[in-house]
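None of the figures in this text is laboratory data; all of them are computed from the coordinates on show. Keep in mind the model is a prediction, meaning the values are calculated, not measured. So basically every Cβ, Gly included, is an ideal-geometry build from the backbone, and we count neighbours across all protein chains shown.
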Protein chains: 2
Amino acid sequence: MYEGVVQDLIDELGQLPGIGPKSAQRIAFHLLSAEAADVQRLITALSEVKDKVTFCSTCGNVAQDTQCRICADPRRDTHALCVVEEPKDVVAIERTREFKGRYHVLGGAISPIDGIGPDQLRIAELMRRLGGDEITEVIIATDPNIEGEATAAYLARQLRPLGLRVTRLASGLPVGGDLEYADEVTLGRAFEGRRLIDA
Amino acid sequence: MYEGVVQDLIDELGQLPGIGPKSAQRIAFHLLSAEAADVQRLITALSEVKDKVTFCSTCGNVAQDTQCRICADPRRDTHALCVVEEPKDVVAIERTREFKGRYHVLGGAISPIDGIGPDQLRIAELMRRLGGDEITEVIIATDPNIEGEATAAYLARQLRPLGLRVTRLASGLPVGGDLEYADEVTLGRAFEGRRLIDA
């Protein structure tokens with residue numbers, strides 16, 4: 001429909017997650033009429049991300065060096081290790097400023113439908129890290145969905161023999177949410193995990 | 001929050017229309033774990049679009065040459081000219097296969113709030129094209145919104161002295177739509193433009 005190179009760009013943009021054909025068309029025409037310098041900045045950002053970003057050899061988080069900023073930071077607590085699925089989960093937890101330990105990024109969750117079993121995740125690397133004697137608590141912070149729960153259950157079984165304190169993030173009502181709109185599973189978990197109020 | 005180059009990419013993606021911070025993050029992490037060849041294809045498509053795409057010197061549509069494919073096509077009817085706001089409108093009309101004439105792309109619509117008046121649009125170029133004697137009908141196909149209607153009214157005034165047949169696309173109920181969900185302006189237009197049924 002469009003001149004070849006415009007259609008090529010629409011097709012490539014349409015491959016990105018969450019971008020349908022209409023959005024791809026809109027973005028392509030935006031870029032067509034954008035300043036050449038703006039498009040060049042996007043091109044540079046894309047090339048740099050593939051050239052410069054690697055994954056931390058210790059935790060699997062994104063890094064610009066062999067170690068990510070968190071693993072390289074000597075002020076972080078070396079006794080607590082938080083296990084997450086993806087690098088973006090590290091960022092989400094860092095934003096809370098609740099956790100001062102280090103991370104381990106699995107690179108996904110167990111999902112037999114997608115062909116992802118324990119061997120496709122960085123679980124062997126996790127077990128090797130726990131071999132040392134520094135880590136005393138492992139906090140499993142996988143997503144609260146079927147795959148994340150399955151991964152947490154699998155990890156808990158693997159970690160039990162090591163005699164560590166293994167915890168899981170609490171499930172319950174989201175803060176600022178409305179009780180009547182909570183789904184029954186979440187509400188059930190909130191009951192299950194109810195806590196004494198200090199009077 | 002993220003390693004520098006990842007954050008740069010998220011920032012650049014977030015500048016694109018319709019992409020918020022969450023989508024930008026999702027796309028950036030998708031690209032991080034994508035094949036280098038896929039990212040390279042996107043980079044190539046972006047550079048080519050700025051290097052190779054120009055605008056047709058006749059109609060203002062996107063082109064890879066001095067003339068776009070439609071203006072260069074000798075089979076198109078030279079008597080009818082369809083005036084649209086953007087190149088994507090050309091594609092939308094071409095998809096209907098209803099129109100065999102040529103186009104004129106204004107490059108937008110009159111919008112005083114955005115500082116766009118008649119001089120910022122390709123209206124002088126349109127008047128020059130109409131100077132020849134080939135074109136006998138001008139179909140104004142600007143968007144059916146405030147800016148598009150204002151542009152259509154302005155163009156109709158400019159074109160009246162030339163003695164051409166000037167038409168506007170019909171407004172009315174969208175096909176496949178539901179009468180009760182039509183807004184009152186559209187429904188009013190549908191009444192205004194009602195047509196005799198051939199019995």
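Miscellaneous remarks
- Qualifying residue in segment B:66-76 (condition: assigned to a loop (DSSP other than H, G, I, E, B), hydroxyl-bearing (Ser, Thr, Tyr) and surrounded by 14 or more Cβ atoms within 10 Å (Cβ to Cβ)): no
- Among the residues of segment B:151-171, those that are of a type in the set (A, V, I, L, M, F, W, C) and touching a strand residue (DSSP E or B) at 6+ places or on another chain (Cβ under 8 Å) comprise B:Ala152, B:Leu155, B:Ala156, B:Leu159, B:Leu164, B:Val166, B:Leu169.
- Total residues in segment A:16-45 satisfying the condition of being outside any helix (DSSP H, G or I) and more than 7 Å from every other protein chain (Cβ to nearest Cβ): the figure is 4.
- Segment A:29-58, subset more than 27 Å from A:Gly4 (Cβ to Cβ) and without any contact (Cβ under 8 Å) to a residue 60 or more places away in the chain, residue surrounded by the fewest Cβ atoms within 10 Å (Cβ to Cβ): A:Asp51
- Residue among A:Leu121, A:Leu106 that is buried (at least 17 other Cβ atoms within 10 Å of the Cβ), over 20 Å from B:Gln25 (Cβ atoms) and touching a residue at least 24 places away in the same chain (Cβ under 8 Å): A:Leu121
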